[in-house]
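One structure is given below, encoded as structure tokens.
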């Protein structure tokens with residue numbers, strides 16, 4: 001009632017005796033000689049006063065915060081694959097916060113954090129990078145008490161479990177680097193604390209993407225990436241920390257070597273891995289090496305490549321073009337990755353508050369559902385479920401046949417009625433994770449070795 005009366009008062013102020021509506025523009029009103037001009041400043045003051053009265057009445061709940069100084073812009077640093085215009089628009093509509101995307105490659109995210117920490121306000125980075133990032137002091141420990149859904153983060157992050165069962169933790173499993181010893185600490189804590197490195201947002205179980213229409217036979221092993229049958233038609237991810245993990249999955253599947261920890265190789269293990277990759281490269285196995293999401297989409301959609309390292313939304317992008325593409329489950333399991341929001345240590349005041357507001361909204365469900373529809377997984381599944389239709393949830397999360405056509409957030413057809421998701425349910429896919437993207441102790445040596453392979 002109070003809010004209604006206040007708004008009625010403003011309406012009367014901004015109308016003349018003849019009842020000119022608020023819908024008329026101030027420019028139109030000012031043209032009427034007998035109407036006192038209402039400035040934009042006065043309008044803002046009146047509406048702000050209304051908001052203040054209403055807020056004081058405790059009647060406003062669940063609405064976005066009012067940023068008195070105007071719309072706040074958050075510079076959002078991330079890979080393009082995690083940046084969606086639909087999410088930015090929704091955040092602006094709901095929160096009144098403008099999200100300015102800064103799209104870069106995975107390696108560039110790391111470089112920007114280390115060398116230009118003042119160039120962004122929030123970053124979506126992968127957990128495997130944290131061993132390089134946290135020692136710089138450029139990222140601050142996030143206050144877990146300010147994260148509304150912190151207790152509902154999936155156990156794959158917090159415990160390294162899926163459906164109550166342990167999953168593979170070779171490499172940089174999120175649970176190893178999720179917590180800090182203190183707000184300004186650069187040391188990871190092996191036990192839970194209230195200081196978080198990255199607030200989990202999105203993750204997935206990665207495998208090989210294939211063109212089934214061009215291969216025309218079953219594919220069930222990582223060994224197929226180096227199968228001479230696909231000479232000149234294969235591709236591998238040219239991000240060393242990730243690409244070498246795919247290579248290790250291949251090497252193990254071939255029976256060449258069993259790694260104690262694929263995510264932390266010795267120099268000898270790196271040499272062995274790169275030797276096998278280099279021999280394949282010199283034999284003409286690889287058509288290309290990609291580091292950008294769009295590159296992988298174009299390679300697969302064009303048919304230049306029929307089997308490659310791939311990301312789930314790239315599969316989605318190819319399928320949305322009407323081209324068959326499968327994220328192929330393999331008997332040796334999945335290589336997983338995970339990303340989350342980090343905050344620069346220099347972020348203060350209203351922007352810091354806005355960043356927390358954005359993170360909390362991101363975890364509240366709408367964005368999670370948006371990501372789930374692309375083949376990703378949300379870090380808080382219960383909230384995402386609320387924003388998905390029952391048939392969508394059954395297809396994406398439970399591995400059940402689609403009872404209706406499955407469409408992407410943009411409306412493109414991804415799966416027809418009766419089809420099931422590649423790899424099945426969430427428990428099936430994430431439960432088969434064997435390792436995670438990682439930064440090795442011998443990272444510098446590994447990167448040099450990888451670059452020699454690319455140049456060979």
Report task. Quickly run through the range 426-456 and pick out the residues that are assigned to a loop (DSSP other than H, G, I, E, B) and either crowded, with 18+ Cβ neighbours inside 10 Å or at pLDDT below 95 (or both). Result -> 431, 432, 437, 438, 439, 440, 441, 456
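Let's see how each residue does on (1) in contact (Cβ under 8 Å) with a residue 40 or more places away in the chain; (2) under 29 Å from residue 266 (Cβ atoms); (3) surrounded by fewer than 23 Cβ atoms within 10 Å (Cβ to Cβ):
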{"residue": "129", "(1), (2), (3)": "yes, yes, no"}
{"residue": "135", "(1), (2), (3)": "yes, yes, yes"}
{"residue": "148", "(1), (2), (3)": "yes, no, yes"}
{"residue": "169", "(1), (2), (3)": "yes, yes, yes"}
{"residue": "186", "(1), (2), (3)": "yes, yes, yes"}
{"residue": "203", "(1), (2), (3)": "yes, yes, no"}
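To keep it simple, each residue is scored yes or no on (1) at pLDDT 95 or above; (2) surrounded by 18 or more Cβ atoms within 10 Å (Cβ to Cβ); (3) over 28 Å from residue 371 (Cβ atoms).
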| residue | (1), (2), (3) |
| --- | --- |
| 199 | yes, yes, no |
| 217 | yes, no, yes |
| 224 | yes, yes, yes |
| 247 | yes, yes, no |
| 251 | yes, yes, yes |
| 263 | no, yes, no |
| 270 | yes, yes, yes |
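Let's see how each residue does on (1) touching a strand residue (DSSP E or B) at 6+ places or on another chain (Cβ under 8 Å); (2) closer than 18 Å to residue 344 by Cβ:
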residue: 84; (1), (2): no, no
residue: 87; (1), (2): yes, no
residue: 93; (1), (2): no, no
residue: 99; (1), (2): yes, yes
residue: 112; (1), (2): yes, yes
residue: 118; (1), (2): yes, yes
residue: 127; (1), (2): yes, yes
residue: 134; (1), (2): yes, yes
residue: 147; (1), (2): yes, yes
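Can you tell me which residue among 343, 371, 347 is over 17 Å from the mean Cα position of the chain (by Cα) and under 30 Å from residue 160 (Cβ atoms)? Lay out the reasoning, then the answer.
On the way: 343 fails: over 17 Å from the mean Cα position of the chain (by Cα); 371 fails: over 17 Å from the mean Cα position of the chain (by Cα).
Result of the check over 343, 371, 347: 347.
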Query - Positions within the range 362-412 being part of a strand (DSSP E or B), over 28 Å from residue 96 (Cβ atoms) and touching a helix residue (DSSP H, G or I) at 6+ places or on another chain (Cβ under 8 Å), in sequence order - result: 377, 406
Query raised in the report: Among 246, 271, 261, which is the only one that is over 29 Å from residue 302 (Cα atoms) and within 29 Å of the chain's Cα centre (by Cα)?
Result: 261
Report summary line: All conditions in (1) part of a helix (DSSP H, G or I); (2) under 30 Å from residue 345 (Cα atoms); (3) in contact with a strand residue (DSSP E or B) (Cβ under 8 Å, 6 or more places away or on another chain) are true of residue 241 except (3)
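Name the one entry in 315, 242 that is within 19 Å of residue 168 (Cα to Cα) and at pLDDT below 95.
After applying the criteria, what remains is 242.
Name the one entry in 365, 375, 411 that is crowded, with 20+ Cβ neighbours inside 10 Å, at pLDDT below 95, outside the structural domain of residue 288 (by TED's automatic domain parsing) and out of contact with any strand residue (DSSP E or B) (no Cβ under 6 Å at 6 or more places or on another chain).
Details: 365 fails: at pLDDT below 95; 411 fails: crowded, with 20+ Cβ neighbours inside 10 Å.
Going through 365, 375, 411 in turn, the sole match is 375.
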Requested in this report: Among what's in the range 289-340 and is within 23 Å of residue 156 (Cα to Cα) and over 22 Å from the mean Cα position of the chain (by Cα), pick the residue that is surrounded by the fewest Cβ atoms within 10 Å (Cβ to Cβ).
Outcome: 331
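Yes/no matrix, rows are residues, columns are (1) within 23 Å of residue 187 (Cα to Cα); (2) at pLDDT below 95:
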position	(1), (2)
62	no, yes
66	no, yes
73	no, no
113	yes, no
148	no, no
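The rows are residues; the columns are (1) surrounded by 21 or more Cβ atoms within 10 Å (Cβ to Cβ); (2) touching a helix residue (DSSP H, G or I) at 6+ places or on another chain (Cβ under 8 Å); (3) in a strand (DSSP E or B).
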| site | (1), (2), (3) |
| --- | --- |
| 78 | yes, yes, yes |
| 101 | no, yes, yes |
| 108 | no, no, no |
| 113 | yes, yes, no |
| 132 | no, yes, no |
| 172 | yes, yes, no |
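Quick check, is residue 282 out of contact with any helix residue (DSSP H, G or I) (no Cβ under 9 Å at 6 or more places or on another chain) and closer than 21 Å to residue 446 by Cα?
Details: out of contact with any helix residue (DSSP H, G or I) (no Cβ under 9 Å at 6 or more places or on another chain): yes; closer than 21 Å to residue 446 by Cα: yes.
Yes.
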Report task. Look through the range 188-220, keep the residues that are within 19 Å of the chain's Cα centre (by Cα) and in a loop (DSSP other than H, G, I, E, B), and return whichever of them is nearest to residue 295 (Cα to Cα). Result -> 207
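The values are calculated or read from the model by the stated rules, or taken from the named source; none is laboratory data. Remember, predicted model here, so these are calculated numbers, not experimental data. FYI the Cβ positions are ideal-geometry reconstructions off the backbone, even for glycines, and counts take in every protein chain you see.
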